[in-house]
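What follows is one structure encoded as structure tokens, with my remarks underneath.
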Amino acid sequence: MKNEINEKVLTSWLNMTTAINNDKMTSSLPFNEAMVCRYLYQHASEHVIASQLCEWLGMQKSQMNRTIMNMEKKNLIHRVRNEEDRRQIFLVLNDEMMEIYRKQHKHILRIIDAICDELGEEKSNEVAGLFEQVAMIAKEVID
């Protein structure tokens, strides 16, 4: 019985991650770049450093460095040295390039809107809570 449930959860998980990670959801930006944009967008009033992004995305520092370099080449972000602690470098979204992220974000929200409309408010809140709980447990188990 437990094995059957585990397989069902795994299948659902794979179906969801495949749907989220497909090119249609992140057509204008690679997935990691879109996630970095999202974090920087949501934390625009804060001083964000690369290690925060690594922790949030669960990425290796080397992979994050490649992502940041690619984003700099595209002029999506720039680095700002901390004037108080010159060793620390903050990452900031370039305002003029934010249209790329905003457009993609708007596209994803239309998909989420359709899902939530179909599920209704109560189930949508339930799903959000379950996703958060699953993500937290998965993180604990993996770490």
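Of all the listed residues (42, 63), the sole one being without any contact (Cβ under 8 Å) to a residue 12 or more places away in the chain and either under 30 Å from residue 142 (Cβ atoms) or acidic (Asp, Glu) (or both) is 42.
So that you can scan it fast, the table gives a plain yes or no per residue for (1) within 16 Å of residue 29 (Cα to Cα); (2) assigned to a helix (DSSP H, G or I); (3) touching a Leu at 6+ places or on another chain (Cβ under 7 Å):
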{"residue": "39", "(1), (2), (3)": "yes, yes, yes"}
{"residue": "56", "(1), (2), (3)": "no, yes, no"}
{"residue": "80", "(1), (2), (3)": "no, no, no"}
{"residue": "85", "(1), (2), (3)": "no, no, no"}
{"residue": "103", "(1), (2), (3)": "yes, yes, no"}
{"residue": "114", "(1), (2), (3)": "no, yes, no"}
{"residue": "118", "(1), (2), (3)": "no, yes, no"}
{"residue": "129", "(1), (2), (3)": "no, yes, no"}
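Residues 40, 53: which one is modelled with pLDDT of 85 or more, surrounded by 14 or more Cβ atoms within 10 Å (Cβ to Cβ) and touching a helix residue (DSSP H, G or I) at 6+ places or on another chain (Cβ under 7 Å)?
Working: 40 fails: touching a helix residue (DSSP H, G or I) at 6+ places or on another chain (Cβ under 7 Å).
One residue alone meets the criteria, 53.
Answer yes or no: is there a residue in region 85-95 that is in contact with a helix residue (DSSP H, G or I) (Cβ under 6 Å, 6 or more places away or on another chain) and of a type in the set (S, T, N, Q). The answer is no; no qualifying residue exists. Just one of the listed residues (72, 99) is under 24 Å from residue 19 (Cα atoms), part of a helix (DSSP H, G or I) and either more than 15 Å from the chain's Cα centre (by Cα) or of a type in the set (D, E, K, R) (or both), and it is 99.
The values are calculated or read from the model by the stated rules, or taken from the named source; none is laboratory data. Being a predicted model, the structure only gives us computed values, none of them experimental. Virtual Cβ from ideal backbone geometry, glycine too; neighbours counted across all protein chains shown.
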